[in-house]
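Inspection log for the structure reproduced underneath, given as structure tokens.
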Amino acid sequence: MDVLEAIKERKSIRAFKPDPVPKEKLLELLEIAQRAPSGTNTQPWHVYLCAGEVKTAITNDVLAMAESGQGASYEDFDYYPSVWEDIHNSRRRAVGWSLYNLVGIEKGDREGSAKQAMRNFLFFDAPVGIFVTIDSYLERGNWADVGMYIQTLMLAAKGLGLDTCPQAAWVPYQEPVIRHLGIPDNESLVSGMSLGWADHAKIENTLVSEREKISEVARFEGF
């Protein structure tokens, strides 16, 4: 698969087969992703991979946190704004309701939407969980570098026949992640990710989120 095809075909997968991913394939993936660009070659990312009992322990502890209402908020970590402007909020809602409609969750069904949200913490049944962190003292430009690393990782995975789902959902529930993976105090969680083999029989994997027209996001001068 060439890079243009990988970009076009990559999408967030929310139902995976349980089949394991060989460690050798994960090492190949990380070797490729390590070529991601970063300002002055700082490479400000750290990557933690989990499977098996460790992944299960993270899932169990985070689900317990969520059920007891112990999660933090995105604002606690300066991750997302407390109030979204309409243009961004409308996009968020559109993709959310597109997913809910596919899996049969109607508007107002809080129990159903909460249950679907908890699927994040099961890694959508993927065999591998990935968490990407950054040294906490670094700033916005370095976070942009880590974003480029995450994109490179997802495209490389697609090229190797794997699929992914990047997940900010872990951020408010990161304490068990940090504890079970031994993440140092001087690192901040940027994103979680589910990785494995897509289950194409699941209807949620038919979702393709919409993108804005180029005329809405790009401006040309001097052409």
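Just so it is clear, none of the values below were taken in a lab; they were calculated from the coordinates. For clarity, every value in this text was computed on a predicted model and none was experimentally measured. Here Cβ is always computed from backbone atoms with ideal geometry, including for glycine, and neighbour counts include all displayed protein chains.
Can you figure out the FRET efficiency of LYS25 with ARG219, using R₀ = 45 Å and their beta-carbon distance, to the nearest 0.05?
For R0 = 45 Å, the calculated efficiency reads 0.60.
Taking a ≥ b ≥ c as the square roots of the eigenvalues of the Cα gyration tensor of region 79-126, is the shape rounded (a/c under 1.5), prolate (a/b larger than b/c) or oblate?
oblate
Using the Cα centre as the reference, give the magnitude of the dipole from point charges on the C-beta atoms of the chain (Lys, Arg: +1; Asp, Glu: -1; all else neutral), rounded to the nearest 20 debye.
In total the dipole reaches around 560 debye.
For GLU210, project a label point 7 Å along Cα to C-beta. Then give me every residue of region 84-124 with its amide nitrogen under 20 Å of that point.
Label zone hits: 84-108.
Of the listed peptides 215-221, 31-37, what is their order by residue-averaged count of other C-beta atoms within 10 Å, with the highest listed first?
31-37, 215-221
Roughly how many Å is it from the Cα centre of region 170-204 to that of region 87-106, as a whole number?
Computed from Cα coordinates, the inter-centre distance equals 22 Å.
Given region 1-115 reduced to its alpha-carbon atoms as identical point scatterers, what log10 I(q)/I(0) does the Debye formula return at q = 0.16, 0.23 Å⁻¹?
Ignoring solvent entirely, the Cα scatterers give -1.46, -1.33.
Is the chain rounded, prolate or oblate when judged by the Cα gyration tensor, a ≥ b ≥ c being the square roots of its eigenvalues, rounded requiring a/c under 1.5 and prolate requiring a/b larger than b/c?
rounded
I'd like to know which of SER188, PRO176, ILE214 lies farthest towards the positive end of the charge dipole of region 173-223, counting +1 on Cβ of Lys and Arg and -1 on Cβ of Asp and Glu.
Of the options given, the answer is ILE214.
Could you sort 154-160, 56-62 so that the peptide with the highest average Cβ count within 10 Å comes first and the rest follow in order?
Highest-to-lowest ranking by the protection proxy: 154-160, 56-62.
Magnitude of the Cβ-charge dipole of region 160-223, K/R +1 and D/E -1, about the Cα centre, nearest 20 debye?
Dipole magnitude for region 160-223 comes out near 80 debye.
Report the one residue of ASN41, MET154, ALA72 whose Cα lies farthest in the direction of the positive end of the charge dipole of the chain (charges on C-beta: Lys and Arg +1, Asp and Glu -1; origin at the Cα centre).
Going by the charge dipole, the pick is MET154.
Quick check for me: using +1 on Lys/Arg Cβ and -1 on Asp/Glu Cβ, what's the dipole size of region 114-223 about its Cα centre, in debye to the nearest 20?
So the dipole magnitude of region 114-223 works out to roughly 300 debye.
So what is the 222 nm mean residue ellipticity for the chain from helices alone, if each DSSP H run of at least 4 adds -39500 (n - 2.57) and you divide by all residues, rounding to the nearest 500 deg cm²/dmol?
Computed mean residue ellipticity for the chain: -12500 deg cm²/dmol.
Obtain the nm distance between the two label points defined at ARG92 and VAL3 by a simple spin-label model: each point lies 7 Å from its Cα along the Cα-to-C-beta direction.
Those two pseudo-labels are separated by 3.2 nm.
Please state the shape class of region 94-216: rounded when a/c is under 1.5, otherwise prolate if a/b exceeds b/c and oblate if not, all from the C-alpha gyration tensor.
prolate
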